[in-house]
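Presented below is the structure to which this report refers.
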Amino acid sequence: MIHSWKMTEVEKTVAANAPAPGALTGSAAIHPGKSPLMVLQANGLLTDFNKPVQEEEVSEDVLRAQEEWDAVETVQPGTGSLQNQSSLISFNEALAFFQTKDLSEYMMKIKPSVPRSGFSALCHWLFGPPRLQHSLHEERNLVFAMGLYPFDNTEETHMRVLQTVYKRLTGTKLDCPRFGGHWEQIGFQGSDPATDLRGTGFLGLMQVLYFVMEPRTLSLARDIYKLSLHETQNFPFCVMSINITRIALQALREGNLSKECNRRQQIIAVINDFYVATFYHLYQIWKSQHKTIADSGYVIQDVTTYVNKNPRAVIRELERYLSEKRANAIGQMDSPRGGNAGKDSFVGVCDLEPEEEEVDLV
């Protein structure tokens, strides 16, 4: 048992009226080795705490026992540990943490552009992408600083981001332990997700947080996650996501997103859209061409090359998909038989039961 229980007055009373040692009866005889509280619960004695009693019958010890029992939290299936329920955190709330944090230590280490000299610098100046406008440098630097910022167990915001990602992907409403094999369920490599973030820092979590908390993209995130659990086409969802964050960081560093950033006068929104668009592009290839984890290296390499050459095209491809998805959802809701339209509408995953059916491959 997780707790070491103190004997309450109720247990003392039961013990006083119990048969002699060695004479097991009732649930204790059927379930030897169970703790006193488990036996009491099996016998229906603890359920009497919820029944109204006369005021003079309630002793201080019984009230204390009632409080101790009520304080026991729900055990989440599969984790074997007591759970709390923290609130979800939005992308903007998590971003505010970094906007108010002193990041000077990391700002000194960032490499926001690729250093070039000689003929390479001349070719890039003549034929390369446009330079990022100076007014956007501060926001760009913030992105790269987040890419260096490590996961911190003492920061409540960090823990909430991690828990939110887990909840939105799995559909559970309960927090899970900080360490454990359950993280492999959403595609981390081991029991500690922080070890997978070394290449992208906290930005790796921020982008998957955006993916699962943005109403427009939540449906797509759940589709990709479902494919990642497929019997033959499975892949580690969060590890793949971190690889895509790495692609997005490099595209920003190479200047391949500068034109789009200048056009929209934004950095974070553009790199998030580019991240989702890249994930969607990979998802299409993976699903339609029946890729498996053995193909991952080649697929990621080809995707990296394509999206860096065509950043605007992949973003437009994503926009078309989301528009069509939304139009189809609205059409189903407006149709006479649209009672099940909510299945594809953009709602929170916690409002839905986790989908258990397999992916139908095309």
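The values are calculated or read from the model by the stated rules, or taken from the named source; none is laboratory data. Quick caveat, the model's predicted, so the values are computed rather than measured. Reconstructed Cβ throughout: ideal geometry from the backbone, glycine too, with neighbour counts over all protein chains shown. In case anyone asks, the SASA skips ligands and DNA or RNA and just uses the protein heavy atoms, side chains included. Shrake-Rupley method; radii C 1.70, N 1.55, O 1.52, S 1.80 Å.
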Computing the accessible area with a 1.4 Å probe over protein heavy atoms, can you report the carbon and sulfur percentage for region 180-332? 48
Taking the simple approach of a point 7 Å from Cα along Cα-to-Cβ for both residue 138 and residue 285, what is their distance in nm? 3.8
Using a Förster distance of 30 Å, the FRET efficiency for residue 85-residue 234 (Cβ separation, nearest 0.05): 0.55
Add +1 for every Lys or Arg and -1 for every Asp or Glu among the other residues with Cβ under 14 Å from the Cβ of residue 245, and state the total. +1
Got a number for the accessible area of residue 149? Probe 1.4 Å, square angstrom, nearest 10. 20
First check a/c for region 241-332, with a ≥ b ≥ c the square roots of the eigenvalues of its C-alpha gyration tensor; if it is under 1.5, answer rounded, and if not, answer prolate when a/b is larger than b/c or oblate otherwise. oblate
Net charge near residue 301: determine it from the other residues with C-beta under 14 Å of the C-beta of residue 301, scoring Lys and Arg +1 and Asp and Glu -1. +1
Greater than 31 Å separation of Cα atoms is the criterion. Which listed pairs, 226/309; 291/325; 111/259; 109/259; 111/226; 101/259, meet it? 111/226
Environment charge at residue 195 (Cβ cut-off 13 Å; Lys +1, Arg +1, Asp -1, Glu -1): -1
